[in-house]
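Presented below is the structure to which this report refers.
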């Protein structure tokens, strides 16, 4: 019996992959029932408290119960979420992220992108670090309990303790020129209702760790999506503040106390965005429509005055198209706009000098 | 009598402002008729051969014939053109360009932009050179013969001999977010039918001087507007070639023999575009929707191996809006795309090294 006791009330369970193999020939009917009842309780508890989706697998000669530690991601802030009868991403405890293939061509196109990107020798090594590691595809029990193909990726937040995360969809246009009229109309409406058209990007979601007692500041997704330019500026400031929700509670603005360690410096988010920008000014391989930038940092570390371990990743490639020798001016324009917002915050907080997005090292 | 004889067959007439004042009391009816007939002939000839729009003004006591040397621009390649009963820009011989105010709010908005830009102390001096000098507005006889308000600007080609000119509308989107639904729909259709959406810019027109015998290569506007990405690449190559129309005549491609002196070098078009780009990465004052970049150079000089006197100007500001603290990501994205096209041509013609739009000086 390799199943570790389940800690209650913890925010995260660290378990090794556990299994129980039961030989019915060596067990009485009563014992088997007892085992199944035990795992049923665990399964309910996991599902209720931690979002785990354990699987029960019955074989002919054995009853094999696998609790493989698949769970919904702790730090997802945007995109499709797993729910009752709804497919959504899962993670395991070995640092992998399982993204269900979307049913229409988006799923196959995202796989096609990862396959192409993985094997493309024209991608510089220093650019690969901005993309999740791709481990292929796998047909597996999804969050709905039935078999479904998944893209297996690196779980970007697995090695982080209390990460703050923000998802920003880049580009003033989220549709490719060759998309269908119906899809273009749908996207155009969303782009115009959000800040995509006006700012060249929109915040899709964010989650900011405050402290163990207060937990996370995580504004409602619908609110985030409907924000205007001033709200976007505020959310980008909230993201690097020790009091991200202070504006609504006290009337005071966010303190931006972490701006320097998260946005600034030679390894900060701004420096990484500028590295990406240089590549986008030249690369004509892909056009990244409706793709997001994920900002992450370890708030616990940053609040203690250590490094923030800030990182930028690109995610969501269901609408990537061939660049055909033209740069991705739509992504690049939005990226430059975001860079200006971040530069402005750094300038305001006196952790930055210069103009035109040059980082003070 | 101050009217200079009209040279025939010349490509450009250099006249001082001429007028003839005729006092009917001192002239016989026969002489007056003769004079009017004479000026009628000149007027027809000017109109037919040179595009001049001389005006005949009859007063009560005098017959005053003014040939004020207003004419349609020689080197206009895009935009509204003066025609029979159609308002269009005029130039005079002192280097001024008279642009009729458009009848709807576009006219007043273009004036508002020039007034704002002229007085804005946040515009760096090295950026002002990219804009035509603004001399105010003037109500004057337009190309239709009736009074109309005009914006008086610097005539950008007046000091050039046989200039080659290209007009490129920048931005994948030519409409501002706050425009009317009808206007957005109209622009979106044009943007998608042209290369605006796919490349982030579209060529609106061009004219390339070949030699005195052959005159100019000036492809049809409708053809230019409907081009695809490959045609755009070809037109950008044609612009700096001594054989711009060779592809259709001989099957050979354009030689790009002037790429180095026009696009390259420390004062070339690429260097100027990069200077503009740096400003656009930072400026949040204006958003330049449906604005064009005008490329100009003196082909005669360049063919003789001298400097090309290449110049980039921004024109057409009827749809400029307030930047509201956000960079013009739409213009910047298109500008970066155009920079990549130009850099590629320079790289192909071995007059350029490096990546990311850095100019080899």
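The values are calculated or read from the model by the stated rules, or taken from the named source; none is laboratory data. All values derive from a computational prediction rather than experimental measurement. With ideal geometry, Cβ positions are generated from the backbone for all residues, glycine too; neighbour counts draw on all protein chains shown.
Of all residues in segment A:326-350, how many are in a loop (DSSP other than H, G, I, E, B), more than 7 Å from chain B (Cβ to nearest Cβ) and under 18 Å from residue A:285 (Cα atoms)?
Looking only at that region, the number is 1.
Residue by residue through segment A:328-361, note down the ones that are modelled with pLDDT under 70, surrounded by 17 or more Cβ atoms within 10 Å (Cβ to Cβ) and under 25 Å from residue B:340 (Cβ atoms).
Selection gives A:357, A:359.
Listed residues B:295, B:317; which is assigned to a loop (DSSP other than H, G, I, E, B), more than 14 Å from chain A (Cβ to nearest Cβ) and modelled with pLDDT of 95 or more?
B:317
What pairs come out if I take residues in segment B:251-273 that are without any contact (Cβ under 8 Å) to a residue 40 or more places away in the chain and pair them with residues that are surrounded by 18 or more Cβ atoms within 10 Å (Cβ to Cβ) and not in a loop (DSSP other than H, G, I, E, B) whose C-beta lies under 9 Å away, six or more apart or interchain?
Listed by first residue and then by second, the contacts come to B:253/B:237; B:254/B:237; B:254/B:238; B:255/B:237; B:257/B:302.
Could you please give the count of residues in segment A:105-148 that are under 24 Å from residue A:273 (Cα atoms) and in contact with a helix residue (DSSP H, G or I) (Cβ under 8 Å, 6 or more places away or on another chain)?
Residues flagged as under 24 Å from residue A:273 (Cα atoms) and in contact with a helix residue (DSSP H, G or I) (Cβ under 8 Å, 6 or more places away or on another chain) within segment A:105-148 amount to 7.
Quick check on my filter: what residues within segment B:138-150 are surrounded by fewer than 22 Cβ atoms within 10 Å (Cβ to Cβ) and either in contact with a strand residue (DSSP E or B) (Cβ under 8 Å, 6 or more places away or on another chain) or within 14 Å of chain A (Cβ to nearest Cβ) (or both)?
B:138, B:139, B:140, B:141, B:144, B:145, B:147, B:148, B:149
Name the residues in segment A:163-204 that are away from chain B (no Cβ under 11 Å), in contact (Cβ under 8 Å) with a residue 60 or more places away in the chain and buried (at least 21 other Cβ atoms within 10 Å of the Cβ), would you?
Within segment A:163-204, A:163, A:164, A:165, A:166, A:167, A:168, A:169, A:174 meet the criteria.
Being more than 21 Å from the chain's Cα centre (by Cα) and more than 14 Å from chain A (Cβ to nearest Cβ) is the filter here, so list the residues in segment B:262-279 that pass it.
Across segment B:262-279, the qualifying residues are B:264, B:265, B:266.
Determine which single condition residue B:265 fails, assuming it passes every other condition in (1) modelled with pLDDT of 90 or more; (2) part of a loop (DSSP other than H, G, I, E, B); (3) in contact with a strand residue (DSSP E or B) (Cβ under 8 Å, 6 or more places away or on another chain).
For residue B:265, the exception is condition (3).
Within segment A:219-231, can one find any residue that is over 21 Å from residue A:80 (Cα atoms), modelled with pLDDT of 90 or more and more than 14 Å from chain B (Cβ to nearest Cβ)?
No, segment A:219-231 has no match at all.
If you check A:304, A:277, A:207, which single one turns out to be over 17 Å from residue A:166 (Cβ atoms) and buried (at least 17 other Cβ atoms within 10 Å of the Cβ)?
A:277
Which ones in segment B:280-292 are within 14 Å of chain A (Cβ to nearest Cβ) and either under 13 Å from residue B:161 (Cα atoms) or not in a strand (DSSP E or B) (or both)?
Within segment B:280-292, B:280, B:281, B:282, B:283, B:284, B:285, B:289 meet the criteria.
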